[in-house]
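What follows is one structure encoded as structure tokens, with my remarks underneath.
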2 protein chains.
Amino acid sequence: MHRGGPKSEETRGRILTSAMDLFRSRGFEQTTMREIASEAGVALGSAYYYFESKEALVMAFYRQAGDDTHKLIVQALSEEKDLQGRIRAILDVKFRYFHPNRKFLGALFGHAADPENPLSPFSEETRDTRETDIRHFEDALRESGAKIPKELKLHLPRLLWMYQMGLILFWIYDRSPSQTRTGQLIDKSLPVVVNLIRVARFPLLRPIRKMVADLLDAVYRV
Amino acid sequence: MHRGGPKSEETRGRILTSAMDLFRSRGFEQTTMREIASEAGVALGSAYYYFESKEALVMAFYRQAGDDTHKLIVQALSEEKDLQGRIRAILDVKFRYFHPNRKFLGALFGHAADPENPLSPFSEETRDTRETDIRHFEDALRESGAKIPKELKLHLPRLLWMYQMGLILFWIYDRSPSQTRTGQLIDKSLPVVVNLIRVARFPLLRPIRKMVADLLDAVYRV
DNA sequence: GTCTATATCGGGATAGAC
DNA sequence: GTCTATCCCGATATAGAC
């Protein structure tokens with residue numbers, strides 16, 4: 001898998017950087033492998049020597065982003081106590097990190113929502129990143145001291161991950177300047193989410209709680 | 001816009017039919033414009049004369065599907081009284097109509113979730129279909145006799161449309177035989193949705209109701 | 001092992017002759 | 001309105017320089 005010396009590593013890095021720059025400024029579709037190669041100062045064949053396809057370049061970016069944000073999130077979580085602050089911390093890391101890549105992620109979603117597509121956030125190939133991501137929410141819940149109804153305990157982290165994916169989708173589509181609407185959406189929806197988790201324990205809502213638990217079991221059953 | 005005689009109309013129709021057949025059996029990506037043209041018995045250039053791109057063929061399909069399901073939904077709604085039955089009627093029409101096209105829609109989502117992409121369900125180009133769709137849920141609510149808190153009245157139809165989009169996305173990803181899991185998801189989630197609408201009026205939930213209304217106003221404000 | 005140069009192919013899209 | 005020829009690009013492959 002191209003395990004070479006520092007020279008090799010450097011070329012590989014240069015190709016990846018060029019690709020990211022072009023993806024960011026022009027989007028995924030518009031960028032050609034020929035441009036990436038020439039921008040990186042290598043021949044087309046070399047680009048293919050290091051990355052077997054245009055998609056492979058994106059997978060490399062995913063992995064990189066996953067590793068980077070993981071470290072940032074672990075750090076951020078250690079500084080927050082209550083549930084809302086802890087979820088917020090995860091979201092802040094994500095949105096700050098992906099901010100320069102919004103256009104690129106947009107174009108990417110256009111190639112990634114197909115379940116057969118390896119780049120999909122739900123695909124087999126991206127499972128590792130996804131599971132790590134879900135575990136962040138598990139951590140956020142566990143150390144927060146929030147009382148979670150036992151029926152919901154199992155699936156709540158995954159549900160929060162879905163909530164996060166929804167926010168990211170909204171953000172990608174958000175045309176408001178500096179994506180201020182997404183900022184509002186987070187500010188206003190996060191308290192709702194946290195409050196829903198809190199009131200879920202109320203006896204009055206027991207029937208709905210049961211229905212939701214039943215629903216989640218059916219959906220996530222293996 | 002290629003307004004020609006009946007001959008032209010017939011050729012156009014033949015190309016669209018061939019495309020749909022091939023999209024269904026092979027998916028969007030795998031089908032080539034050359035195949036579509038040859039299947040329709042015309043030259044490649046001719047296919048491009050009628051449809052300026054492969055995507056344009058899909059837009060034509062969208063419009064067709066929108067018109068067809070609209071008629072079916074109006075009919076189905078006239079036969080249902082209570083809210084759950086009425087929402088269910090809309091969903092049933094949709095899923096029955098799209099059933100033969102699941103694979104095709106899947107491949108399509110892989111090219112349609114990009115906000116810049118005209119095929120996106122959120123794009124400017126698909127606005128008409130989307131607004132008609134949302135109006136179906138408005139109708140379902142209005143004649144159902146369900147009491148809707150006034151803060152939620154404005155945005156609830158759009159929210160139900162989002163619920164429907166979520167179900168369709170789940171269905172596209174659903175690998176279970178005959179998509180039985182999607183069936184379960186609908187059976188179990190629809191009562192939750194209807195019950196949430198019902199309990200939303202409870203005084204106990206007033207704070208959350210206010211927060212949600214505030215959230216919706218911010219998100220859908222123009 | 002690293003990289004260039006070049007050829008070839010499939011497929012979306014276009015130009016221009018008829 | 002229809003066809004042929006052509007272009008561009010992603011992808012694959014290969015020969016050979018260093």
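The values are calculated or read from the model by the stated rules, or taken from the named source; none is laboratory data. Because the structure is a prediction, the values reported are computed rather than measured. Using ideal geometry, Cβ is built from the backbone for each residue, glycine included, and neighbour counts are taken over all protein chains shown.
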### Task
Return yes or no: is residue B:120 in a helix (DSSP H, G or I), small (Gly, Ala, Ser) and either in the same structural domain as residue B:174 (by TED's automatic domain parsing) or surrounded by fewer than 18 Cβ atoms within 10 Å (Cβ to Cβ) (or both)?
no
### Query
Which condition number does residue B:72 fail, the rest of (1) within 15 Å of DNA strand C (Cβ to nearest atom); (2) hydrophobic (A, V, I, L, M, F, W, C); (3) not in a loop (DSSP other than H, G, I, E, B) being met?
(1)
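Out of contact with any strand residue (DSSP E or B) (no Cβ under 9 Å at 6 or more places or on another chain), within 11 Å of another protein chain (Cβ to nearest Cβ) and under 25 Å from residue A:215 (Cα atoms): which single residue out of B:207, B:191, B:121, B:157 fits that description?
Numbers: B:207 fails: under 25 Å from residue A:215 (Cα atoms); B:121 fails: under 25 Å from residue A:215 (Cα atoms); B:157 fails: within 11 Å of another protein chain (Cβ to nearest Cβ).
Answer to the selection: B:191.
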### Task
Kindly check whether there is at least one residue in segment A:92-114 that is more than 14 Å from chain B (Cβ to nearest Cβ), under 26 Å from residue A:219 (Cβ atoms), touching a helix residue (DSSP H, G or I) at 6+ places or on another chain (Cβ under 7 Å) and not in a helix (DSSP H, G or I).
no
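Out of segment A:47-61, which residues are among the small types (Gly, Ala, Ser) and near DNA strand D (Cβ under 9 Å from one of its atoms)? Give the steps one after another, and end with the answer.
Start the filter on segment A:47-61 by keeping residues that are among the small types (Gly, Ala, Ser), which leaves A:47, A:53, A:56, A:60.
Across segment A:47-61, the qualifying residues are A:47, A:53, A:56.
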### Message
Please go through segment B:76-99 and give me each residue that is over 14 Å from the mean Cα position of the chain (by Cα) and of a type outside the set (A, V, I, L, M), ordered by number.
### Response
B:78, B:79, B:80, B:81, B:82, B:84, B:85, B:86, B:88
### Query
Restricting attention to segment B:9-25, which residues are within 14 Å of DNA strand D (Cβ to nearest atom) and in contact (Cβ under 8 Å) with a residue 24 or more places away in the chain?
B:11, B:12, B:14, B:15, B:16
### Query
Out of (1) modelled with pLDDT of 95 or more; (2) within 14 Å of chain A (Cβ to nearest Cβ); (3) part of a loop (DSSP other than H, G, I, E, B), what's the single condition that is false for residue B:84?
(3)
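Residue B:28 - would you say it is within 27 Å of the chain's Cα centre (by Cα), more than 11 Å from DNA strand D (Cβ to nearest atom), touching a residue at least 60 places away in the same chain (Cβ under 8 Å) and not in a helix (DSSP H, G or I)? Spell out how you get there, then give the answer.
Numbers: within 27 Å of the chain's Cα centre (by Cα): yes; more than 11 Å from DNA strand D (Cβ to nearest atom): yes; touching a residue at least 60 places away in the same chain (Cβ under 8 Å): yes; not in a helix (DSSP H, G or I): yes.
The answer is yes for residue B:28.
What residue, among those in segment A:163-178 that are at pLDDT below 95, more than 7 Å from chain B (Cβ to nearest Cβ) and in a helix (DSSP H, G or I), is farthest from residue A:94 (Cα to Cα)? Quick ask: steps written out before the conclusion?
Pass one, segment A:163-178, residues at pLDDT below 95: A:165-166, A:168-178.
Checking which are more than 7 Å from chain B (Cβ to nearest Cβ) leaves us with A:165-166, A:168-171, A:174-178.
Still in the list and also in a helix (DSSP H, G or I): A:165-166, A:168-171, A:177-178.
Details: A:165: 11, A:166: 13, A:168: 9, A:169: 13, A:170: 14, A:171: 12, A:177: 19, A:178: 16 Å.
Among those residues, the one meeting the criterion is A:177.
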#### Entry: Qualifying position, being within 16 Å of DNA strand C (Cβ to nearest atom) and within 14 Å of chain A (Cβ to nearest Cβ), among B:61, B:51, B:28
B:28
### Message
Please go through segment B:137-175 and give me each residue that is surrounded by fewer than 16 Cβ atoms within 10 Å (Cβ to Cβ) and small (Gly, Ala, Ser), ordered by number.
### Response
B:145, B:166
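Do we find that residue A:52 is closer than 20 Å to residue A:101 by Cα, modelled with pLDDT under 90 and of a type in the set (Asp, Glu) in this structure? Explain how you work it out, then say what you get.
Details: closer than 20 Å to residue A:101 by Cα: no; modelled with pLDDT under 90: yes; of a type in the set (Asp, Glu): yes.
No; evaluated as a whole, the condition is false for this residue.
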### Task
Go through segment A:196-215 and give me each residue that's free of Cβ contacts under 8 Å to residues at least 40 places away in the same chain and in a helix (DSSP H, G or I).
A:196, A:199, A:203, A:204, A:205, A:206, A:207, A:208, A:211, A:214, A:215
